[in-house]
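Before any comments, here is the structure.
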Amino acid sequence: MTKPERILLVLAGFANLLAAVPAHGQVLEIQADGGVVRYDAPTQFLGSGARRIEAESPSAPSRGRAGLAAPSTATAQAIRDAAARHQVSERLVAAVAWRESGFNPAAVSPRGARGVMQLMPGTARALGVDPFNPAANIDGGADYLARLLRRFDGDQAKALAAYNAGPEAVDRYGGVPPYAETVAYVGAVMRRLGQEPLSPRP
């Protein structure tokens with residue numbers, strides 16, 4: 001092996017080592033279709049893209065057959081109960097919980113959103129729920145979704161956009177605001193529900 005070949009081999013090994021080191025903080029991954037995936041948890045970069053590194057703990061979500069987070073028995077029951085109490089689709093609440101936290105009751109975002117439904121402290125206070133209590137967190141999220149659906153006349157895309165970006169942004173744009181994160185969020189939840197998302201207004 002020549003000296004240049006040895007140098008290239010060392011550099012390649014160093015690059016592979018860096019690629020395997022977990023990155024911390026918020027990471028945005030731009031997908032081929034222009035969608036944006038946000039990783040708030042520690043993230044590892046792989047050849048095929050990025051993936052969240054989830055701690056092995058009793059509160060960590062289990063994994064379904066397709067590799068997507070699946071709720072625990074207690075979380076699934078809390079979603080059913082909250083959806084029935086607030087007369088909102090159980091599938092919608094579950095899809096939001098999947099997108100928000102991967103059904104993780106211990107999830108905390110860099111911006112301070114907490115729990116399965118990623119309630120901000122101010123939102124939790126306004127809803128009168130304890131965001132650290134898993135069942136109360138889910139109940140608050142279902143309540144908030146129901147309120148947004150009423151505000152936007154049952155339009156799920158607008159309600160989801162408001163859950164992500166705030167109802168004022170939806171009012172301002174008359175629909176899904178053209179924020180990359182919000183468009184990706186609404187699209188992901190609507191696809192989870194098996195529906196086509198509405199396009200944002202220009």
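The values are calculated or read from the model by the stated rules, or taken from the named source; none is laboratory data. These numbers were taken from a predicted model, which means no experiment stands behind them. Here the Cβ is made from the backbone with ideal geometry for all residues, glycine too, and neighbour counts use every protein chain on show.
Among the conditions (1) in contact (Cβ under 8 Å) with a residue 40 or more places away in the chain; (2) under 19 Å from R192 (Cα atoms), the only one that A82 does not satisfy is (2).
So that you can scan it fast, the table gives a plain yes or no per residue for (1) in a helix (DSSP H, G or I); (2) out of contact with any Pro (no Cβ under 9 Å at 6 or more places or on another chain):
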site	(1), (2)
T123	yes, no
N137	yes, no
A142	yes, yes
A146	yes, yes
L149	yes, yes
G154	no, yes
K158	yes, no
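Scan region 181-201 and give yes if some residue there is buried (at least 20 other Cβ atoms within 10 Å of the Cβ), over 23 Å from S72 (Cβ atoms) and modelled with pLDDT under 95, otherwise no. Yes.
Please work out if L46 is under 21 Å from G187 (Cα atoms) and at pLDDT below 95.
no
Residues being exposed (fewer than 15 other Cβ atoms within 10 Å of the Cβ) and in a helix (DSSP H, G or I): count how many of those fall in region 81-96.
Quick first cut of region 81-96, residues exposed (fewer than 15 other Cβ atoms within 10 Å of the Cβ) only: 84-85, 87, 91.
With the extra rule that they be in a helix (DSSP H, G or I), the set shrinks to 84-85, 91.
Residues meeting the conditions: 3.
Sub-6 Å Cβ pairs linking a first residue in region 138-167 that is basic (K, R) to a second residue that is surrounded by fewer than 24 Cβ atoms within 10 Å (Cβ to Cβ) and outside any helix (DSSP H, G or I), at least 6 apart or interchain, are K158/F152, ordered by first then second residue.
Here R114 fits the description: in the same structural domain as A161 (by TED's automatic domain parsing), at pLDDT 90 or above, of a type in the set (D, E, K, R) and touching a Pro at 6+ places or on another chain (Cβ under 6 Å).
Can you tell me which residues in region 150-181 are among the aromatic types (F, W, Y) and farther than 20 Å from L193 by Cβ? Before you say what the answer is, go through the steps one by one.
Step one: list which residues in region 150-181 are among the aromatic types (F, W, Y), which gives 152, 163, 173, 179.
Matches in region 150-181: Y173, Y179.
With respect to the conditions (1) small (G, A, S); (2) without any contact (Cβ under 8 Å) to a residue 12 or more places away in the chain; (3) in a helix (DSSP H, G or I), G112 falls short on a single one, namely (3). Taking the residues in region 129-176 that are more than 15 Å from A84 (Cα to Cα) and basic (K, R) as candidates, determine which candidate is surrounded by the most Cβ atoms within 10 Å (Cβ to Cβ). Among residues in region 129-176 that are more than 15 Å from A84 (Cα to Cα) and basic (K, R), the one surrounded by the most Cβ atoms within 10 Å (Cβ to Cβ) is K158.
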